[in-house]
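Worksheet: one structure, shown below.
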Amino acid sequence: MDPRLHVAACNGVVGALQKLLQEDPLVLSKVIMSTSSDSPLHIAALLGHTDFAKLVMSRNPELSRDLNQQGYTPIHLASLKGHLQIVTELLNFDKEVCFVKDCEGRTPLHCAAIKGRLEVITHLMCCCPESAMEVTAKGETLLHLVVNNGQSEVMVLLISSLREMNLLHRLIDCRDEDGNTALQLAIAKNHKQMIKTVSIDQKHEITADHPSRGSNGAHDLTWKDKLLSLHNAIIILCSLLATCCFDAIINPPGGVWQTRPSNDVIHAENLTDVAAFFEVFLGTSTSLFKEKNIH
């Protein structure tokens, strides 16, 4: 790339670009054949130089689909940075760029969702609603990406928008390559607000394994049931361990009265251990049962 073109793109100087085009009308076309990582349009999209980007697109619209070395198109970069005006202009020139994916299979909408760019998300979904159905190379939907990146506000917006477009039912149960739905990820990451947001839309409680329509739902455990079962199992295990420890203190190998200089001292040591054990055991048991009652 001509160094002067690179400087003009970084600074967003439209006049400098116009001068270069007068000197060499093919200056932008030559960029496609160069080994440079970012085209002038990539740079303008990244830095938010709208007027500069518009001039580049008017002369060489094919640059809007050009991938840099990181696998991003200009609209991916504009979406990541939240530059709504540039996203709008890019879509005006070529609406199909909203379906172009980067090296990880992410669309511009995915990028905007990851970074929480609410205005860009809204615009992309209005212009290209079907792009909301695209998944990444790892099978992640929009909802998976939002959960993984902790974007609670985006989740509220997406649930509302997807419901209005009658697309939510097609995404809510989708699983990534690890077999997880967005709700399961939210539970695993303890994103309470997201759990509430996703769950509240369901007409029935979402189960962990999502039984088929013909299965008996009465025998399918929900996530809450599974967690409570695990909690109870832990309490029982702690009780068994406590019993074994208590028995070992009361009846150590060889008996309490062993051949030592002072049996009274040994007995006193064991009684001290028992008292300490009871203090720890009762405290732990009480806290466990309090937690159970909370749930």
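Just so it is clear, none of the values below were taken in a lab; they were calculated from the coordinates. Keep in mind it's a predicted model, so treat the numbers as computed, not measured. Because the Cβ atoms are built from the backbone with ideal geometry, glycine has one as well, and the counts that use them run over all protein chains shown.
When the Debye formula is applied to the Cα atoms of the range 8-116, each taken as the same point scatterer, what base-10 log of I(q)/I(0) results at q = 0.19, 0.22 Å⁻¹?
Taken in order of the listed q values, log10 I(q)/I(0) reads -0.89, -1.18.
Between Ser160 and Cys103, 0.36 nm times their residue separation minus their Cα-Cα distance comes to what? Kindly include the intermediate steps, with their values, before the conclusion.
Values: separation 57, 0.36 × 57 = 20.52 nm, distance 2.92 nm.
Here the answer is 17.6 nm.
Assuming 1.567 mPa s and 4 °C, estimate D for the range 1-50 with Stokes-Einstein, Rh taken as the Kirkwood radius over Cα pairs, in µm²/s. Don't jump to the answer; show the numbers that get you there.
Values: Rh = 10.8 Å.
So the translational diffusion coefficient is about 120 µm²/s.
Nearest 0.05, what FRET efficiency do Lys189 and Asp66 give at R0 = 41 Å with Cβ-Cβ as r? Spell out each step's value before the answer.
Values: r = 36 Å, r/R0 = 0.87.
So the FRET efficiency works out to roughly 0.70.
Counting C-alpha atoms alone, how compact is the range 42-196: give Rg to one decimal and Dmax as a whole number, in angstrom.
15.5, 50
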